[in-house]
Amino acid sequence: MPLPIENYALIGDLHTGCLVGTDGSIDWLCLPRFDSASTFGALLGDHDAGRWLIAPTDADATATRRYIDDTFVLVTRWQTATGVVEVTDLMPYGDRRADVVRRVTGVSGTVTLHVDLAIRFGYGSAMPWVRQVTDGDDTALVATAGPDAVVVRGPRLTATDHTHATEFDVAAGEVVDLSLTWYPSHRQPPAAVDIDAAIDDTVGWWQAWAARCTTPPPYEREVRRSLLILRALTHEDTGGIVAAATTSLPEQFGGSRNWDYRYVWLRDASMTLQALILHGYVEEADRWRGWLLRAIAGDPADVQIMYGLAGERHLHESEIDHLPGYGGAAPVRVGNAAYKQYQGDIFGEVMIALHEARQLGVDETEYSWPLQRALMQYVDDNRTRPDSGIWEIRGELQHFTHSRVMIWAALDRAIAGVEQFGLDGPVDRWRELRDEVRAEVERDGWNAERNSYTQHYDTTEVDASLLQLAQVGFVAADDPRMLGTVAAIEHDLLHDGLLLRYRTESGVDGLAGDENPFLTCSFWLAEQYAASGRVDDAVTLMDRLVGYCNDVGMLSEEIEVATGRHVGNTPQALSHLALVRAADAIGRAQATRAS
């Protein structure tokens, strides 16, 4: 059985990532990209779906772990009755190939370790042909199935019941290296990785990247790790930013709200970009804008809410029937049918991110402003169209208030491009449309009896996404209408102190089952508290939220309040970027109060 979600740590090479458990098992790894089929898929099943375990044979061994400062090089220290060892796990940066390195170092005494390796390509469906081959003076294990192959180097492994295993002793001062390298099966196995150089280069690269980060207090440690996680979820070659490293981790244990998040949502990527550029990463803004230009090039009418890592458009959703799902939560989904949805809010997020990049000095290219103008024409052509909303509602299309406000925000930032930066565009038309949308929202998206904005125009329900109205400048955080909306959100959506996205029992999403409080929304509430003068409330909520970070600083999508367990896909970009925003807002509020 897989571990609790919070017991995993991410390592990655900016092309893909894997999850290493506190038990020493890699239970999730897709090669060579985040959205490739899994090679180790035990996270969504069991041992037979593939895993790679390295751990002491001592059943009473205890483990603590940490990242080497400002990196994704994970060090797990095992304490046993006979000694202490450390296992250093990493995916080397910079060699343009997919390697996993696992170095075992003896610290004291002598420890016996067990290796259990089950390679299963194709989401656990492809049992590979495995053979031992000569590798210099040693042997290596080569596993092949269809287009995929891996070569495993280290202590010799013995086949047992479709897995490969061994045991070995490590004494103080001794080092045993193991590595796995993916390659296309029609090629020869790559040469062994230089592990000393790989560790040094990987540590050096991550620490140099982190050194560029501006992270003023408060919550400096949590913000810094969150920015590192956002970078780890960014594909080095394409610039695409995935929403999470996993698929189908459930929003309710045992439930069916299980989605594939290994793609690039324009919304999530735009918000991630905002978080990065506000903390010193202008280069990342330029690279992501290049990804955007390539992904949505052509007719703006073809724009999608999400794409593949390189801008792929077809993300057909299917179910993997042979995997039982995390803790039995079926179905396991690959692909995401929401790519076909119209979600009007994405235009606001994209325009806001590109406007902030412009404010921070990212130069316009020959094509960047024409792209934005084309998007605004699409907004004009579809300005009255109902949509599926920020949460990818699979029920009836609605005029979601949040989506309408983000249309307003898109127009507002387009106007700012003309007024503040001298760019050309039909600014009078944009002003007219902006005023029309505002009047519409105030007329149809406001409920006087509840003293609140509403989830959509045909309901009195509220939605946590309404907290973004103040974030984008539609209304001031301390405006009476915003304060009334916050009161309604607190009344309807607070669940043991954390926020739900919306009330699932309203039936708006067209899905069975329930879900847990959503971390992003709770961070948004902390940000709203800070911006509206409730600084002590903001700090109290923020302290609780960052307390849900696991031992290496990771957050998933949701929290099961009764147990504190992480729920949903992990690590979740949206959770971490919302953490950054909330910390920034609290910092500003505390500085203002102190002055």
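Assorted remarks:
- Of all residues making up segment 576-593, the number that are farther than 19 Å from Cys18 by Cα and within 15 Å of the chain's Cα centre (by Cα): 4
- Single residue of segment 486-512 satisfying the filter (of a type in the set (A, V, I, L, M) and over 22 Å from Ala470 (Cα atoms)) that is modelled with the highest pLDDT: Val508
- Test result for Glu515, charged (D, E, K, R) and either touching a strand residue (DSSP E or B) at 6+ places or on another chain (Cβ under 6 Å) or modelled with pLDDT of 95 or more (or both): no
- Segment 31-46, residues that are in contact with an Asp or Glu (Cβ under 8 Å, 6 or more places away or on another chain) and either at pLDDT below 95 or among the polar types (S, T, N, Q) (or both): Thr39
- Flag if Leu525 is crowded, with 24+ Cβ neighbours inside 10 Å, part of a loop (DSSP other than H, G, I, E, B) and of a type in the set (A, V, I, L, M): no
- Among the residues of segment 12-30, those identified as surrounded by 23 or more Cβ atoms within 10 Å (Cβ to Cβ) and among the aliphatic types (A, V, I, L, M) are Leu19, Val20, Ile26, Leu29.
- Selection within segment 156-173 - closer than 17 Å to Val101 by Cα and surrounded by fewer than 15 Cβ atoms within 10 Å (Cβ to Cβ): Arg156
- Flag for Asp380 being surrounded by fewer than 17 Cβ atoms within 10 Å (Cβ to Cβ) and out of contact with any helix residue (DSSP H, G or I) (no Cβ under 7 Å at 6 or more places or on another chain): no
- Hey, Gly50 within 30 Å of the chain's Cα centre (by Cα), modelled with pLDDT under 95 and under 19 Å from Leu10 (Cα atoms) or not: no
- Cβ-Cβ contacts under 8 Å between residues 6 or more apart (or on different chains), taken from a first residue in segment 446-466 that is free of Cβ contacts under 8 Å to residues at least 60 places away in the same chain to a second residue that is of a type in the set (Phe, Trp, Tyr) and surrounded by fewer than 20 Cβ atoms within 10 Å (Cβ to Cβ), are listed as Ser452/Trp446; Tyr453/Trp446; Thr454/Trp446.
- Residue list for segment 126-141, filter: surrounded by fewer than 20 Cβ atoms within 10 Å (Cβ to Cβ) and in contact with a helix residue (DSSP H, G or I) (Cβ under 9 Å, 6 or more places away or on another chain): Met127
- Among the residues here, His322 qualifies as over 23 Å from His402 (Cβ atoms), in contact (Cβ under 8 Å) with a residue 40 or more places away in the chain, out of contact with any Asp or Glu (no Cβ under 9 Å at 6 or more places or on another chain) and not aliphatic (A, V, I, L, M).
- Between Ser506, Ser465, the distinction of being of a type outside the set (A, V, I, L, M, F, W, C) and surrounded by 17 or more Cβ atoms within 10 Å (Cβ to Cβ) belongs to Ser465 only.
- Search result, residues across segment 411-464 that are in a loop (DSSP other than H, G, I, E, B) and in contact with an Asp or Glu (Cβ under 8 Å, 6 or more places away or on another chain): Leu423, Thr454, Gln455, Tyr457, Thr460, Glu461, Val462
- Each residue in segment 278-297 was checked for being assigned to a loop (DSSP other than H, G, I, E, B) and either under 21 Å from Pro32 (Cβ atoms) or β-branched (Val, Ile, Thr) (or both), and 1 pass.
- In segment 298-317, the residues that are assigned to a loop (DSSP other than H, G, I, E, B), touching a residue at least 24 places away in the same chain (Cβ under 8 Å) and more than 22 Å from His15 (Cβ to Cβ): Val303, Gln304, Ile305, Glu317
- Apart from one condition, Pro216 fits all of (1) loosely packed, with under 14 Cβ neighbours inside 10 Å; (2) in the same structural domain as Leu31 (by TED's automatic domain parsing); the exception is (2).
- Yes/no for His402 being crowded, with 24+ Cβ neighbours inside 10 Å and not in a loop (DSSP other than H, G, I, E, B): yes
Table: residues versus (1) in contact with a helix residue (DSSP H, G or I) (Cβ under 9 Å, 6 or more places away or on another chain); (2) touching a residue at least 24 places away in the same chain (Cβ under 8 Å); (3) aromatic (Phe, Trp, Tyr); (4) outside the structural domain of Thr57 (by TED's automatic domain parsing).
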| site | (1), (2), (3), (4) |
| --- | --- |
| Tyr183 | no, yes, yes, no |
| His186 | no, yes, no, no |
| Ile195 | no, yes, no, no |
| Ile229 | yes, yes, no, yes |
| Leu233 | yes, yes, no, yes |
| Asp237 | no, yes, no, yes |
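The values are calculated or read from the model by the stated rules, or taken from the named source; none is laboratory data. Fair warning: this is a prediction, and the values are worked out from it, not measured in the lab. Reconstructed Cβ throughout: ideal geometry from the backbone, glycine too, with neighbour counts over all protein chains shown.
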